[in-house]
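Below is one structure; the comments refer to it alone.
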Amino acid sequence: MKSKGSNFFWPSYADLMTSLFFIMLVLYVLTFVKLRLQQQATEEQLNKIKEIQAAVQELPQEYFTYQPEHKRFILNQQIGFESKESDIREGDKEYLITVGNSIVSLVERLKTKYQDQNIKYLIVIEGMASNIPYSRNFPLSYERALSLFHLWKLNGIEFDPTICEVQIAGSGTGGVGRYSGNEEYKNQQFLIQVVPKIGEIEL
């Protein structure tokens, strides 16, 4: 003869399992929705990052040419130095001052366009040297970059310190996309890059 307690056990157990099933179903749906929203937000943030990176590439084509194979810009006008020298030639100064002002204008446009985003910009001036037997090739490449920085400062070209950091570097005889052979002397130059430093993207 079955006890009265056992008569209630199986219906109660079935109710418990049914309740647990619905709880798990609700949790699954909530988790799925949350993950979908996170995926959508991530995709939108990625698109915004791509948009910002593309905007930085809007340097004026009259002064810059983009090299996609090296992911960098080069100046349209060949800026060279005398061998073992770091002084900028007089004939190049006016052009370089115009280039500096164009970069300032670009940064100001980006500052206004993305004022609601936490974005900083790194202005890199990279000096280079030709591969000749000279013990000071690396210091010389840095001094060439520094000469451009000083030229800009002397002519009132300064970048907003609240969003810009200027980095002066010398790559010596290293780096990608260098000239070789009879054009080795063309490595006596510098490169200018504008790199966005993107923090958390607000949607």
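What the table shows:
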read-out	value
Where a residue in the stretch 61-82 is more than 21 Å from ASN131 (Cα to Cα) and in contact (Cβ under 8 Å) with a residue 24 or more places away in the chain and its partner, wherever it lies, is hydroxyl-bearing (Ser, Thr, Tyr) and open to solvent by 60 Å² or more (accessible area, probe 1.4 Å), with Cβ under 7 Å and at least six apart	PHE73/THR65; PHE73/TYR66
Filtered residues of the stretch 75-96 (kept if open to solvent by less than 40 Å² (accessible area, probe 1.4 Å), in contact with a helix residue (DSSP H, G or I) (Cβ under 9 Å, 6 or more places away or on another chain) and within 30 Å of THR162 (Cβ to Cβ))	LEU75, ILE79, ILE88, LEU96
Options VAL29, VAL99; residue that is modelled with pLDDT under 80, outside any loop (DSSP other than H, G, I, E, B) and open to solvent by less than 90 Å² (accessible area, probe 1.4 Å)	VAL29
Among residues of the stretch 102-123, those that are in a strand (DSSP E or B) and open to solvent by 20 Å² or more (accessible area, probe 1.4 Å), counted	2
Residue satisfying condition, being more than 23 Å from GLN61 (Cα to Cα) and at pLDDT below 90, within set SER130, SER83, SER141	SER83
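The values are calculated or read from the model by the stated rules, or taken from the named source; none is laboratory data. Predicted model only: the values in this text are computed from it and were never measured. Quick reminder, even Gly has a Cβ in these numbers, built from the backbone with ideal geometry, and neighbours come from all protein chains shown. Accessible surface is based on the protein model in full, side chains and every heavy atom, while ligands, DNA and RNA are left aside. Shrake-Rupley method; radii C 1.70, N 1.55, O 1.52, S 1.80 Å.
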